[in-house]
Amino acid sequence: MNIGVLGPKGSYSEKAAKQWLAGRNNENDHSLEYFDDIQDVFSSLSSDSVDIGVVPLENSIEGSVGVSLDMLLEKDVAVIGETVVTIEHCLLSRGKKEDIKIILSHPQGLAQCRQFLKEHFEGVELRTTGSTSHAAKLATEFPEMAAIASKEAARMYGLDILIPNVQDRRQNHTRFFVIVPSEKKEHIESIIHANSEEHEYKTSIIVYLDRDRPGALYEILAEFAQKSINLTRIESRPSKEALGDYVFYIDFEGYINDANIKGAIYNIESKVGMLKMLGSYPKFIPGPTSN
């Protein structure tokens, strides 16, 4: 199967895909395809050019990746897995630190290193790129250019690690979703054995209230509380229909076929304008390959 990730080679999305695949019986039956941006990964699923996509969802320093949230709402995809990657940004270049005039990285990469850049490279031009690995590839062109990217990207493109661990917080992690076209979900899960009874599960949904009234969100959250369902994440995102109009992204523990969750979803559907089920998937468990 083909797996679409944000490229080029050496990206954290590539690392996430390999980490998710690690230990699977058919790990070697998959190939990676690299795309210029996150939208292209989603589009590749729609056009059947790839079978699976791996996209960044949220970062422990900078929060959610807005484009991924928007695409999850707009595209007909299902979530079949998650993985969490430890982010270790390095300053990479083929020149010397004192000669750097331009620093490149993905917007999230620059934001996660904001204080470092202010303290050590005040006045240096910052440029955004489609990914951290794209920044590393561009930094090979001139010694006055540097990139904020991974040590894997340094090896991939022959760059020196001028300064390691430049993120503003030592604990820096990004959560990735593994997504597939909705109509192929059961088939792909059967191949990768995603529905093993041995797993603990999480479920993700998107809710649009569709009417502004006192207590509307409370009514939704009460359904989870009354059935002792543990919410692991809730986030609002503009609906893009009107100012102050939002959709809500909700993650919680458990599998969609669990009786208490089925009951909660049934009750919530009658209280909202839209409920999109993204899917139930094995909960990420940290291991040696995630460090």
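The values are calculated or read from the model by the stated rules, or taken from the named source; none is laboratory data. Since this is a predicted model, take the numbers as computed values, not measurements. Here the Cβ positions follow ideal geometry from the backbone for every residue, glycine too, while neighbour counts run over all protein chains shown.
Of the conditions (1) within 30 Å of Ser280 (Cα to Cα); (2) over 21 Å from the mean Cα position of the chain (by Cα); (3) crowded, with 18+ Cβ neighbours inside 10 Å, Lys137 clears all except one; give me its number.
Among (1) within 30 Å of Ser280 (Cα to Cα); (2) over 21 Å from the mean Cα position of the chain (by Cα); (3) crowded, with 18+ Cβ neighbours inside 10 Å, the lone unmet condition for Lys137 is (1).
Looking at Lys75, Lys15, which is the one that is among the basic types (Lys, Arg), more than 22 Å from Asp160 (Cβ to Cβ) and not assigned by TED's automatic domain parsing to the domain that holds Met156?
Working: Lys15 fails: more than 22 Å from Asp160 (Cβ to Cβ).
Just a single option satisfies the conditions, and that option is Lys75.
From the list Glu33, Glu62, which residue is under 30 Å from Gln115 (Cα atoms) and among the acidic types (Asp, Glu)?
Working: Glu33 fails: under 30 Å from Gln115 (Cα atoms).
The conditions single out Glu62.
Determine which member of the set Asp40, Asp48, Asp29, Asp36 is modelled with pLDDT of 95 or more, in the same structural domain as Leu72 (by TED's automatic domain parsing), out of contact with any Cys (no Cβ under 8 Å at 6 or more places or on another chain) and surrounded by fewer than 24 Cβ atoms within 10 Å (Cβ to Cβ).
Details: Asp48 fails: modelled with pLDDT of 95 or more; Asp29 fails: modelled with pLDDT of 95 or more; Asp36 fails: modelled with pLDDT of 95 or more.
One residue alone meets the criteria, Asp40.
Can you go through Pro282, Pro238 and tell me which one is within 26 Å of Thr83 (Cα to Cα), surrounded by 13 or more Cβ atoms within 10 Å (Cβ to Cβ) and free of Cβ contacts under 8 Å to residues at least 12 places away in the same chain? Walk me through how you get there before you give the answer.
Values: Pro282 fails: free of Cβ contacts under 8 Å to residues at least 12 places away in the same chain.
After ruling out the rest, the residue left standing is Pro238.
What is the number of the single condition among (1) outside any helix (DSSP H, G or I); (2) on the phi < 0 side of the Ramachandran plot that Gly10 does not meet?
The single condition Gly10 does not satisfy is (2).
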